[in-house]
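Peer 1: One structure is given below, represented as structure tokens, and several questions about it will come after.
The values are calculated or read from the model by the stated rules, or taken from the named source; none is laboratory data. Only a predicted model underlies this, so the values are computations on that prediction, with no experimental measurement involved. Quick reminder, even Gly has a Cβ in these numbers, built from the backbone with ideal geometry, and neighbours come from all protein chains shown.
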There are 2 protein chains.
Amino acid sequence: MTVTVAVDAMGGDHGPEVTVPAALTALQREPDLDLILFDREQDIQVQLDVLANPEPDRLSLVNATQIVGMDELPAQALRGKKNSSMRVATNLVKSGNADACVSAGNTGALMATSRFVLKTLPGIDRPAIVSALPSLRGHIHMLDLGANVDSPPELLLQFAVMGSILVKYVEDKPDPSIGLLNIGVEDIKGNEIVKRAAELMRQSNLNYKGFVEGDAIYTGDVDVIVCDGFDGNVALKTSEGLAQMITHFMREEYRRNLLTRLAGLISLPVMKSLRKRVDHRRYNGATLVGLRGTVIKSHGSADVLAFRHAILEAVTEVKHKVPKHISEELTDMMKAAVT
Amino acid sequence: MTVTVAVDAMGGDHGPEVTVPAALTALQREPDLDLILFDREQDIQVQLDVLANPEPDRLSLVNATQIVGMDELPAQALRGKKNSSMRVATNLVKSGNADACVSAGNTGALMATSRFVLKTLPGIDRPAIVSALPSLRGHIHMLDLGANVDSPPELLLQFAVMGSILVKYVEDKPDPSIGLLNIGVEDIKGNEIVKRAAELMRQSNLNYKGFVEGDAIYTGDVDVIVCDGFDGNVALKTSEGLAQMITHFMREEYRRNLLTRLAGLISLPVMKSLRKRVDHRRYNGATLVGLRGTVIKSHGSADVLAFRHAILEAVTEVKHKVPKHISEELTDMMKAAVT
């Protein structure tokens with residue numbers, strides 16, 4: 001099957017300089033992929049000319065007259081930017097002319113636009129942001145990473161169901177294990193919301209393992225970690241900050257003197273392997289799960305490798321028909337969950 | 001001035017094997033320190049005999065017949081363990097026979113016991129857990145790290161005030177900068193609680209810098225980060241998990257073959273310096289701030305160096321009269337904050 005992905009190529013911190021080479025390498029990597037890129041004032045065309053697109057038949061350009069700013073209010077983008085690349089891309093998914101859309105733009109606006117255009121799946125109140133994160137045992141999936149604050153217990157259960165189905169199909173794991181993020185593993189810990197959510201999950205047919213603490217993200221004890229978007233975002237950004245600090249300190253220590261520089265030189269292959277194992281770029285591409293279509297959010301600061309990964313993530317999810325499976329399995333799971 | 005610290009030496013994951021050598025090295029490091037250790041069935045005495053205490057005049061033993069279990073419910077410990085080391089230690093602070101108490105025991109029970117025995121300072125509804133964390137620019141302080149969930153805006157303001165005063169005196173910074181943890185730096189981001197808390201902080205005479213995201217813990221852009229205990233605990237535990245994963249991967253990569261082992265050997269001094277800069281043991285000893293007395297909580301898994309650091313942290317805070325300063329400055333600050 002050929003998968004057509006609409007790419008909001010003007011978005012993100014770097015724009016076409018990153019998105020265009022990422023698109024071209026994605027086409028080379030994935031033979032079943034066709035791309036639609038949104039251009040404004042020929043910025044994309046210029047990049048394509050420079051890079052001499054080797055796959056002209058599989059990449060088409062569509063003009064988009066507007067761009068949603070990174071700081072723009074979601075409601076404002078929704079009302080005022082009906083010809084933005086983001087909006088037109090989701091329109092294409094809605095009309096069936098594209099199978100998925102990828103954007104490195106404003107997260108809130110992308111979420112609001114996708115919800116408005118594509119709608120949520122039946123049984124889902126609000127979409128969530130889910131992403132893979134590296135762990136000691138490979139990787140885990142975590143949601144919500146920032147789309148919803150003050151999520152009630154019922155919404156946390158929906159996150160768990162969506163995470164479970166996504167991992168089941170994308171990772172080919174028959175019965176993914178679910179952990180609920182809390183500040184202790186004992187039943188008495190946490191607030192009323194997580195306690196009630198835990199009850200709902202215990203009563204469901206999910207493979208629910210109980211509360212987990214923040215360190216479980218990286219120990220990989222469960223396949224899916226469920227949390228409110230505030231906490232998920234805090235965990236994610238805290239991790240980014242810590243990883244950057246450690247990298248910075250390591251660089252400083254290796255540059256301290258001639259001897260340490262030598263040690264650094266000799267350690268290059270080790271550092272390269274290490275970096276590869278925890279490289280956040282290999283995890284770029286968070287899914288806006290719960291929509292009637294596949295929408296992938298790339299980190300705003302994504303580089304070529306990272307943005308390509310986001311495009312390929314879209315292909316994977318389309319091939320595995322994630323929204324369809326969620327829709328089909330949800331009704332049964334939710335029924336079982338509340339009885 | 002001599003500072004007397006009561007040490008719940010039976011607590012923590014390792015008990016006297018860690019706490020006794022930590023106590024003895026703390027005495028050597030800090031000439032103004034006297035210690036009271038709580039013993040049960042002579043476990044401490046046995047360790048002291050083995051290690052041949054060089055400072056017998058500065059270390060006394062008190063018998064405590066009960067120990068609070070790590071999984072015990074706080075209310076249960078409070079009612080049923082009136083002769084626990086934890087309880088007697090806080091009693092000594094209350095009576096003025098000790099200046100501070102240090103424990104590696106059950107956090108919830110320690111918090112409940114300290115609140116019950118010592119009471120909170122006037123103007124403080126609930127104590128918070130505050131600790132220093134390493135950052136690119138040295139370190140920052142963060143609170144609450146897990147004592148309070150669902151903190152209302154007014155409580156977050158109290159955390160900010162306490163954090164500011166603690167850093168002012170302990171770090172000798174005249175006007176510490178405060179950041180409020182959120183999932184974005186724009187005013188529209190987050191839930192109603194952080195938005196309202198931000199308003200209160202803007203109206204206060206605190207050096208409030210606005211919202212910060214999780215990565216600000218490690219960039220060190222502000223001196224104090226304020227958050228609800230749920231989020232603070234998630235950030236802390238997530239960091240622990242990530243640091244452990246990176247350490248684990250690094251070790252694996254350096255052990256891959258003969259060449260990488262050689263690189264590891266040559267890199268040992270670099271790794272040692274790096275480890276020193278981010279060593280969580282050097283940050284062990286969280287303060288239960290907001291009480292009428294100094295209570296320090298050590299990590300349960302603390303080793304000798306870490307537990308010694310917690311004892312020395314108690315000395316620092318007593319010497320800087322943190323509770324007294326909070327009490328004195330609080331009334332004025334809170335008045336200014338709400339007008």
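Peer 1: Kindly list the number of the only condition in (1) closer than 20 Å to residue B:274 by Cβ; (2) assigned to a helix (DSSP H, G or I) that fails for residue A:256.
Peer 2: (2)
Peer 1: Hey, can you tell me all the residues within region A:135-168 that are part of a strand (DSSP E or B), within 13 Å of chain B (Cβ to nearest Cβ) and touching a Leu at 6+ places or on another chain (Cβ under 9 Å)? I'd like the intermediate steps shown before the answer.
Peer 2: So the first thing to find is which residues in region A:135-168 are part of a strand (DSSP E or B), and the list is A:135, A:138-143.
Pick out the ones that are also within 13 Å of chain B (Cβ to nearest Cβ) and you get A:135, A:138-140, A:142.
The answer is A:139, A:140, A:142.
Peer 1: Can you pull out the residues in region B:103-123 that are assigned to a loop (DSSP other than H, G, I, E, B) and buried (at least 23 other Cβ atoms within 10 Å of the Cβ)?
Peer 2: Correct list: B:104, B:105, B:106.
Peer 1: Within region A:191-206, which residues are surrounded by fewer than 22 Cβ atoms within 10 Å (Cβ to Cβ) and either aromatic (Phe, Trp, Tyr) or at the interface with another protein chain (Cβ under 10 Å from one of its Cβ atoms) (or both)?
Peer 2: Result: A:191, A:192, A:193.
Peer 1: Continuing with this model, one more query. Quick one: in region A:56-66, of everything that is within 21 Å of residue A:22 (Cα to Cα) and surrounded by 15 or more Cβ atoms within 10 Å (Cβ to Cβ), which residue is modelled with the lowest pLDDT?
Peer 2: Start the filter on region A:56-66 by keeping residues that are within 21 Å of residue A:22 (Cα to Cα), which leaves A:56-64.
Subsequent filtering for residues that are surrounded by 15 or more Cβ atoms within 10 Å (Cβ to Cβ) retains A:58-59, A:61-62, A:64.
Working: A:58: 92, A:59: 90, A:61: 89, A:62: 88, A:64: 84.
Going through the qualifying residues, I end up with A:64.
Peer 1: I've got another one for you. Tally time: how many residues in region B:264-284 are more than 10 Å from chain A (Cβ to nearest Cβ) and either of a type in the set (D, E, K, R) or part of a helix (DSSP H, G or I) (or both)?
Peer 2: Matching residues across region B:264-284 total 5.
Peer 1: Residue by residue through region A:67-90, note down the ones that are surrounded by fewer than 18 Cβ atoms within 10 Å (Cβ to Cβ) and either among the small types (Gly, Ala, Ser) or away from chain B (no Cβ under 14 Å) (or both).
Peer 2: Passing the criteria: A:69, A:75, A:79, A:80, A:82, A:83.
Peer 1: May I pose another question? Six or more apart or on different chains, Cβ atoms under 7 Å: show the pairs whose first residue is in region B:207-234 and facing chain A (nearest Cβ under 8 Å) and touching a residue at least 40 places away in the same chain (Cβ under 8 Å) and whose second is assigned to a strand (DSSP E or B) and surrounded by fewer than 24 Cβ atoms within 10 Å (Cβ to Cβ).
Peer 2: Filtered contacts from region B:207-234: B:217/B:133; B:217/B:135; B:218/B:135; B:219/B:135.
Peer 1: Taking region A:237-255 as the region of interest, how many residues are under 29 Å from the mean Cα position of the chain (by Cα), facing chain B (nearest Cβ under 7 Å) and among the hydroxyl-bearing types (Ser, Thr, Tyr)?
Peer 2: Summing the residues that are under 29 Å from the mean Cα position of the chain (by Cα), facing chain B (nearest Cβ under 7 Å) and among the hydroxyl-bearing types (Ser, Thr, Tyr) in region A:237-255 gives 2.
Peer 1: Here is a list: A:265, A:258, A:330. Which entry is under 22 Å from the mean Cα position of the chain (by Cα) and either in contact (Cβ under 8 Å) with a residue 60 or more places away in the chain or not assigned by TED's automatic domain parsing to the domain that holds residue A:103 (or both)?
Peer 2: On the way: A:265 fails: under 22 Å from the mean Cα position of the chain (by Cα); A:258 fails: under 22 Å from the mean Cα position of the chain (by Cα).
After applying the criteria, what remains is A:330.
Peer 1: While we're looking at this one, here's another question. What's the number of the condition residue B:135 fails, among (1) hydroxyl-bearing (Ser, Thr, Tyr); (2) crowded, with 24+ Cβ neighbours inside 10 Å; (3) under 20 Å from the mean Cα position of the chain (by Cα)?
Peer 2: Against the list (1) hydroxyl-bearing (Ser, Thr, Tyr); (2) crowded, with 24+ Cβ neighbours inside 10 Å; (3) under 20 Å from the mean Cα position of the chain (by Cα), residue B:135 comes up short only on (2).
Peer 1: Please work out which residue is surrounded by the fewest Cβ atoms within 10 Å (Cβ to Cβ), limiting yourself to region A:268-287 and to residues that are under 24 Å from the mean Cα position of the chain (by Cα) and among the hydrophobic types (A, V, I, L, M, F, W, C).
Peer 2: It comes out as A:274.
Peer 1: Hey, among the residues in region B:169-184 that are at the interface with chain A (Cβ under 10 Å from one of its Cβ atoms) and in a loop (DSSP other than H, G, I, E, B), which one's surrounded by the most Cβ atoms within 10 Å (Cβ to Cβ)? Even if it seems obvious, please write down each step before you answer.
Peer 2: Going through region B:169-184, the residues at the interface with chain A (Cβ under 10 Å from one of its Cβ atoms) turn out to be B:181-184.
Right, trim to in a loop (DSSP other than H, G, I, E, B) and you get B:182-184.
Working: B:182: 28, B:183: 25, B:184: 17.
Per the criteria, the residue is B:182.
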